1. Does PRO217 qualify as being within 24 Å of TYR261 (Cβ to Cβ), part of a loop (DSSP other than H, G, I, E, B) and within 16 Å of the ligand (Cβ to nearest atom)?
2. Just one of the numbered conditions (1) under 24 Å from VAL14 (Cβ atoms); (2) away from the ligand (no atom under 16 Å from the Cβ); (3) in the same structural domain as ASP199 (by TED's automatic domain parsing) is not true of SER118; which one?
3. Across the stretch 46-97, what is the number of residues that are in a helix (DSSP H, G or I) and on the phi > 0 side of the Ramachandran plot?
4. Open to solvent by less than 40 Å² (accessible area, probe 1.4 Å) and in contact with a helix residue (DSSP H, G or I) (Cβ under 6 Å, 6 or more places away or on another chain), is that true of ASP111?
5. How do the pairs read when you match residues in the stretch 132-157 that are open to solvent by less than 20 Å² (accessible area, probe 1.4 Å) with residues anywhere that are within 15 Å of the ligand (Cβ to nearest atom) and of a type in the set (Phe, Trp, Tyr), using Cβ under 9 Å and keeping only pairs 6 or more apart or on different chains?
6. Of all residues in the stretch 26-75 being of a type in the set (A, V, I, L, M) and under 19 Å from the mean Cα position of the chain (by Cα), which is surrounded by the most Cβ atoms within 10 Å (Cβ to Cβ)?
7. Hey, does the stretch 121-130 have a residue that's within 16 Å of the ligand (Cβ to nearest atom) and not assigned by TED's automatic domain parsing to the domain that holds GLY263?
8. Limited to the stretch 158-175, what total is found for residues that are near the ligand (Cβ under 8 Å from one of its atoms) and surrounded by fewer than 24 Cβ atoms within 10 Å (Cβ to Cβ)?
Amino acid sequence: MDQHTPIDTQTKLVGLLGRPLGHSFSPAMHNRAFNALGLNYCYLPIEVADQDLETVTACLAKMNFAGYNVTIPHKIRIMDCLDTIDPLAKAIGAVNTVTIVNGHTTGFNTDGLGFVQSLEVASGLTVKDKDILLLGCGGAARAIAMTLAQQGASRITICNRTEQKAHTLSLDVNRQGRDCCKAIPMMAGPMETVLGDTDILVNTTSVGMHPQEEQSPIEAHLLHGNLVVCDIVYNPPRTQLLKIAQQKECRIVEGLGMLVYQGAAAFKLWTEREAPVEIMFGAIRPE
Ligand code: ATR
């Protein structure tokens with residue numbers, strides 16, 4: 001058990017707003033990081049019902065909170081409760097991190113940045129000028145696609161089981177981010193054609209997540225050794241997709257990295273210090 005810096009009148013609070021919060025890694029990850037750097041901060045889980053979100057956020061802004069994270073189901077509606085929204089979070093249409101400075105609240109989205117940072121550290125590649133194929137179209141895909149567009153990816157192709165959603169997201173990225181995105185159906189032919197020129201493949205679907213650990217969102221024969229293959233599923237850390245990618249000698253990027261680096265970006269916004277990412281990994285890695 002870590003020794004916590006004594007809580008006193010100087011302690012700055014941060015936390016996680018959502019409901020339910022049962023499974024969250026964030027309190028352990030952040031509190032371990034604060035302790036490691038000797039920072040007088042404390043991270044609290046705060047369960048908030050839909051109808052109380054406005055009241056709670058107004059109260060936190062008047063207390064000794066430096067900010068907070070936001071998770072399901074409040075990531076979209078929180079935007080109506082804040083003073084300022086960062087342009088990337090506005091384009092994504094969701095906020096996962098809030099800062100409070102002299103009572104002024106600003107919303108950010110560090111999910112896509114967390115993914116990009118994790119990818120760049122694990123693979124040694126930068127996303128600028130890369131061709132990227134994104135599988136899936138949920139909230140995480142949206143954050144990742146907008147961030148990749150902002151960071152200069154040369155082409156983003158979105159491929160989703162429900163094709164219409166891929167077209168909608170692709171249009172949004174082209175309008176609000178940069179004109180670099182297109183959609184294709186989730187079928188072997190079009191996927192194979194696109195993969196020929198793809199540098200980075202990213203799975204944002206839930207396929208392969210516990211308990212369906214044997215499933216992969218893409219068939220092995222479509223992969224080639226020049227791909228960097230990323231999965232944002234982190235339970236299990238080494239998904240079926242990553243296992244087949246390894247057999248094809250692709251570089252692989254596990255989903256735990258995105259979790260840590262989105263937290264590291266929030267940590268920096270609250271503390272203005274670089275986050276100790278190895279300590280954060282240590283707090284959440286399965287035994
Ligand atoms: P999140 O917000 O975490 O990104 P989500 O909104 O639940 O997650 O999105 C899940 C994604 O996984 C969707 O793109 C979904 O495809 P649909 O839009 O067609 O529903 C995709 N997904 C889930 N199960 C899938 C499956 N068995 N095969 C292919 N895609 C699947």
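The values are calculated or read from the model by the stated rules, or taken from the named source; none is laboratory data. Since we're looking at a predicted model, the values are computed, not measured. When we count neighbours, we look across all protein chains shown, and the Cβ atoms used for this are built from the backbone with ideal geometry, even at glycine. Note: accessible area is taken over every heavy atom of the protein model, side chains too, but ligands, DNA and RNA are not part of it. Shrake-Rupley method; radii C 1.70, N 1.55, O 1.52, S 1.80 Å.
1. Working: within 24 Å of TYR261 (Cβ to Cβ): yes; part of a loop (DSSP other than H, G, I, E, B): yes; within 16 Å of the ligand (Cβ to nearest atom): yes.
Yes, satisfied.
2. (2)
3. Start the filter on the stretch 46-97 by keeping residues that are in a helix (DSSP H, G or I), which leaves 50-61, 77-81, 87-92.
Now drop any that are not on the phi > 0 side of the Ramachandran plot, which leaves none.
Here the count works out to 0.
4. Criteria met by ASP111.
5. Here the result reads ALA143/PHE115; ILE144/PHE115; THR147/PHE115; LEU148/PHE115, each pair linking the stretch 132-157 to a residue that is within 15 Å of the ligand (Cβ to nearest atom) and of a type in the set (Phe, Trp, Tyr).
6. Ranking the qualifying residues of the stretch 26-75, first place goes to VAL70.
7. No, the stretch 121-130 contains no residue that is within 16 Å of the ligand (Cβ to nearest atom) and not assigned by TED's automatic domain parsing to the domain that holds GLY263.
8. 3
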